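Structure first, then comments.
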Amino acid sequence: MRGRFVAGNWKMNGSLAANAALLQAVSAGTQSLAGVECAVCVPFPYLAQAAQALKGALPVLGAQTVSEHAAGAYTGEVSASMLAEFGCRYVLVGHSERRSIFGESDAQVAAKFVAAAGAGIVPLLCLGESLAEREAGRTEEVVGRQLDAVMDTAGVQALAGAVLAYEPVWAIGTGRTASPQQAQDVHAFLRSRVAARDAKVAQGLRILYGGSVKASNASEIFAMADVDGGLIGGASLVANDFLAICNAARKG
Ligand code: PEP
């Protein structure tokens, strides 16, 4: 039985004062969520604040990206070992905003995955198609290619310690959510793609759905057989909304 998991992605939001209140509320509300692991992926400058506020309890700490390099002349970058020092357990790799705005290629995302895993941080690998790609019937081709890039580089066994997040680009921050069946179809496809290389790894792999998940639609999405939780953007900035989604994962 795969455990349920809900991760918040704060994106480039927050302030010391706002974070303190949000972390306090989310931390208080997630302690009793039996069977659901929760994480918050905060901007780099707030890792120390969040680590201090969460004190190793739930939600666990995550970051939003990581350098594929270990150290050196990469101005502005942050390495996986630096994230580990600040108590990060998870890091997003390949979020669609990183791919589209910052031009991260499949190969670069795969290298980031390897760097994170090598530092003992669980990579939360984001995959998803654009609206044009979906409308052209290319969803499986695109997410399959994104997944294969990581499996080819890191090996399928590396997924045993990782998490996937299917995030259709057209659903992120748009208020337009994939239907539960659309999410299920892609999740089942991803799981079968992994199973073709290793059935056991596929069976244990947690696959989250992300894209305009709200308290009002979380339960029906989390009820699908291959959906193991959610990656939550906007709603993770409002404690009560995030907690309601975490609760829906418990019941779903
Ligand atoms: C995200 O940022 O990964 C995301 C899913 O955002 P939202 O929930 O706001 O669509």
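All of the numbers you see were taken from the coordinates with simple rules; none came from a lab. The structure displayed is predicted, hence computed values, not measured ones. As a convention, Cβ positions derive from the backbone with ideal geometry for all residues, glycine included, and neighbour counts pool all protein chains shown.
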> From the residues Thr75, Gly229, Leu164, which one has its Cα farthest along the dipole of the stretch 4-251 in the positive direction, the dipole being from +1 and -1 charges on Cβ of Lys/Arg and Asp/Glu about the Cα centre?
Replying inline: Gly229
> In whole Å, what are the Cα extents of the stretch 30-112 along the three principal axes, biggest one first?
Replying inline: 40, 24, 18
> Which values, in whole Å and largest first, are the semi-axes of the equivalent ellipsoid of the stretch 195-239 obtained as the square root of 5 times each eigenvalue of the Cα gyration tensor?
Replying inline: 26, 11, 7
> Could you give the nm distance between label points at Ala188 and Ile101, where each point is 7 Å from its Cα heading toward the beta carbon?
Replying inline: 3.5 nm
> Membrane-span-like helices in the chain: DSSP H runs reaching 20 Å or more (Cα, own axis), mean Kyte hydropathy at least -1.0?
Replying inline: 16-30, 139-154, 180-195
> With charges only on Cβ, +1 for K and R and -1 for D and E, what is the dipole size of the stretch 1-120 about its Cα centre, in debye, rounded to 20?
Replying inline: 320 debye
>> Below 8 Å, C-alpha to C-alpha, sequence gap of six or more: please give me the relative contact order for the chain in percent.
In response: 22 percent
> Within the stretch 4-251, how many lysine pairs that are 8 or more places apart, or on different chains, have C-alpha atoms less than 25 Å apart?
Replying inline: 5
> So which chymotrypsin sites (Phe, Trp or Tyr not before Pro) in the stretch 75-114 pass both tests, a DSSP loop state and at most 10 other Cβ atoms within 10 Å of the Cβ?
Replying inline: Phe102
> Over all Cα pairs of the chain, how is the pair count split among 5 Å bins, expressed in % and running from 0 up to the last occupied bin?
Replying inline: 1, 7, 15, 19, 21, 18, 12, 5, 1, 0
> How much net charge surrounds Arg197 when only other residues with a Cβ under 12 Å from its Cβ are counted (Lys, Arg +1; Asp, Glu -1)?
Replying inline: 0
>> Explain nothing, just the number: dipole magnitude of the stretch 124-251 about its Cα centre with +1 on each Lys and Arg Cβ and -1 on each Asp and Glu Cβ, in debye rounded to the nearest 20.
In response: 320 debye
> Along the charge dipole of the stretch 4-251, Cβ charges K/R +1 and D/E -1, which of Val93, Trp10, Gly137 sits furthest on the positive end?
Replying inline: Trp10
> Tally Lys and Arg at +1 and Asp and Glu at -1 over the other residues with C-beta under 11 Å from the C-beta of Gln108: what net charge comes out?
Replying inline: 0
>> Suppose we look only past 24 Å in the calculated P(r) of the stretch 106-222. What percent of the Cα-Cα pairs does that tail hold?
In response: 24 percent
>> Please check: in the Gaussian network model of the chain (C-alpha springs, under 10 Å), which one of Thr75, Thr174, Thr30 has the largest mean-square fluctuation.
In response: Thr75
